[in-house]
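Just below is one structure, and these are the notes that go with it.
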There are 2 protein chains.
Amino acid sequence: MIDTIGFDGDDTLWHNESLFSMTQERFRTLLAHVADPTDIDRRLLEAERANLRVYGYGIKGFVLSMIETAISVTDGHVPARDLQSLIDFGKAMLEHPVELLPGVADVVEALAYRYRLVLITKGDLFDQESKIARSGLAGHFDAVEIVSEKDPATYKRVLERHAVDPERFVMVGNSVRSDILPVLAIGAHAVHVPYAITWAHEDADVPDDHYRRIDSVLDLPPLLAAW
Amino acid sequence: MIDTIGFDGDDTLWHNESLFSMTQERFRTLLAHVADPTDIDRRLLEAERANLRVYGYGIKGFVLSMIETAISVTDGHVPARDLQSLIDFGKAMLEHPVELLPGVADVVEALAYRYRLVLITKGDLFDQESKIARSGLAGHFDAVEIVSEKDPATYKRVLERHAVDPERFVMVGNSVRSDILPVLAIGAHAVHVPYAITWAHEDADVPDDHYRRIDSVLDLPPLLAAW
């Protein structure tokens, strides 16, 4: 009997990747006179991967990786005003309104009557707290956990902290690697709700058991009722 | 009877501000040919204050503010290689070894036998977790709370989460504004351990009651025993 639902935030409850994609498109346009879009994307992804160890996830690290990529792609000839544009892109991302995915407001409100809801989200503490506050959903959650990594140890610690048996817990999220596999690894349930755009780092094999995949969070209440 | 001690991390258990000061000195040197040191400091502080609302606290936001200041101080003529240097300064800060303040290792170990210890630290989640792990102190703490703001509501939430009565709690930290005043406001105890360098944002009036000031964390065990 499931009584606690963990929700991922970015790209599960609200749009996030689309904001990165939009900014990356502006980044490509800015550098279009010096390199082709595929090269720019590849160099940026390389920088992000190399920097993940020091920066972690989040918009500020993304902006620093864009700046670094712009400098290296242009052999140091990028004008400072273009780098200021990248900083401004980042601020626009950080201040962008939080856009809930279709159905999220109603489904979260309805589920809050019957289940204990915990928001379990990864990334920059300051940015995530700001998004949760602006989402209008905070009141429906019994707890909010902002974590730097979503691995089995993290989920175990969160469930222990809230005294939740893994058997009674289901995690709902868009990322196989972060929301599904580590949750299945500790014996809990997981529901995958894919997002239209998938981040290049997020590819992972999907196992066949203990989890379900749905197309929209709107399918979640009937699935949970039947499970 | 105090049974739980909250410790601040940056500049209470380990050096932090000195790393920012060192980097700011390198920043001044980099721009010495275009502006005088006082102007550079003032412009950087203005940028940091203006950006605090979007970036929060931490090294990545500091680097972005340095880049923005370098661009504006030079009217957009700063060479990209200098901005790459600022990015490199930031990475050096993020990877810098964690240096404990004198006496911290022994005092924390000793207090862990008699008190419940909670680390309550503000800033960037990823960076703070990395520092706690590298500090070698994590094993002595019953809990770690990384928060985006240290106000009375935050302390109240943390104490409630750990079922600690404010009467039985003392917070130990170097910042009057973050570690002392909000803690006294919820009826708990607070011990101020000033750090040699005080951040310009951190000036605040000190009240006269319910708190003590010590010169070193080494004075903490006798103070607690007598209190």
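We did not get these values from a lab; they are worked out from the coordinates using the rules stated. Quick caveat: nothing in here was measured; it's all calculated off a predicted structure. Glycine also receives a Cβ, built like all others from the backbone with ideal geometry; neighbour counts cover every protein chain displayed.
Take peptide A:79-89, look around each residue's Cβ out to 10 angstrom, count Cβ atoms belonging to other protein chains, and average those counts. The partial results should precede the final answer.
On the way: counts 6, 13, 4, 2, 8, 5, 0, 2, 6, 1, 0.
That works out to 4 on average.
At 222 nm, what value in deg cm²/dmol follows for chain A if DSSP H runs of at least 4 each add -39500 (n - 2.57) and the sum is divided by all its residues, to the nearest 500?
On the way: 9 runs with 108 residues, N = 227.
It lands at -15000 deg cm²/dmol.
For the range B:31-122, what does the alpha-carbon gyration tensor say about shape, rounded, prolate or oblate, given a ≥ b ≥ c as the root eigenvalues, a/c under 1.5 as rounded, and a/b over b/c as prolate? Spell out each step's value before the answer.
Values: a/c = 3.03, a/b = 2.48, b/c = 1.22.
In terms of gyration-tensor shape, prolate.
I want to verify a result. In a Gaussian network model of chain A, Cα cutoff 10 Å, which of these has the top mean-square fluctuation: A:37, A:166, A:194?
A:37
Shielding by partners for B:54-61, please: the mean number of other protein chain Cβ atoms within 10 Å of each residue's Cβ.
On the way: counts 11, 9, 8, 2, 4, 3, 11, 3.
Partner Cβ neighbours, averaged per residue: 6.
If amide hydrogens are placed 1.01 Å from N in the peptide plane, which non-local residues have theirs closer than 5 Å to the one on residue A:145?
Counting only residues 5 or more places away or on other chains, the set is A:119, A:120, A:121.
Where the label is 7 Å out from Cα toward Cβ, how close does residue B:156 come to the same position in every other copy, in nm, shortest first?
Residue B:156 label point versus its equivalents elsewhere: 3.6 nm.
Enumerate the calculated ³J(HN,Hα) couplings along the range A:62-79 in order (Karplus 6.51 cos²θ - 1.76 cosθ + 1.60, θ = phi - 60°), each rounded to whole Hz, writing x wherever the residue is Gly or Pro.
Coupling constants for the range A:62-79: 4, 5, 4, 5, 5, 4, 4, 5, 4, 5, 6, 5, 9, 6, x, 9, 5, x Hz.
Evaluated at 4 °C with a viscosity of 1.567 mPa s, what Stokes-Einstein diffusion coefficient in µm²/s does chain A have when Rh comes from the Kirkwood expression over alpha-carbon pairs? Please list the in-between numbers first.
On the way: Rh = 18.7 Å.
Estimated via Stokes-Einstein, D reaches 69 µm²/s.
Amide H of residue A:190: which non-local residues (sequence gap of 5 or more, or other chain) have their own amide H closer than 5 Å, using H built in the peptide plane?
Those lying under 5 Å, H to H, from residue A:190 are A:171, A:212.
So what J values fall out for the range B:116-128 if you push phi through Karplus, 6.51 cos²θ - 1.76 cosθ + 1.60 with θ = phi - 60°, rounded to Hz, Gly and Pro as x?
Along the range B:116-128, the couplings run 8, 10, 10, 8, 10, 10, 10, x, 6, 3, 5, 5, 5 Hz.
Just subtract the alpha-carbon distance of residue B:77 and residue B:33 from 0.36 nm times their residue separation and send over the number in nm, one decimal. List each step's numbers first, then the result.
Working: separation 44, 0.36 × 44 = 15.84 nm, distance 1.21 nm.
Stretched out fully, the residue B:77 to residue B:33 stretch lengthens by 14.6 nm.
Need one word for the range A:1-64: rounded, prolate or oblate. Basis is the Cα gyration tensor (sqrt eigenvalues a ≥ b ≥ c); a/c below 1.5 gives rounded, then a/b vs b/c decides.
Numbers: a/c = 3.36, a/b = 2.09, b/c = 1.61.
Note, shape of the range A:1-64 comes out prolate.
Using only the Cα atoms of the protein assembly as shown, build the gyration tensor, take square roots of its eigenvalues as a ≥ b ≥ c, and label the shape rounded, prolate or oblate: rounded if a/c is under 1.5, else prolate if a/b is larger than b/c, else oblate. All intermediate terms of the calculation are to be shown ahead of the outcome.
Numbers: a/c = 2.02, a/b = 1.02, b/c = 1.97.
Oblate.
Could you give the length gained by full extension between residue A:186 and residue A:138, i.e. 0.36 nm per residue of separation minus their alpha carbon distance, to one decimal place? Mind showing how you got there, number by number?
On the way: separation 48, 0.36 × 48 = 17.28 nm, distance 2.66 nm.
Computed gain between residue A:186 and residue A:138 is 14.6 nm.
May I ask for the distance between the Cα centers of the range A:139-189 and the range B:107-132, given as a whole number of Å?
24 Å
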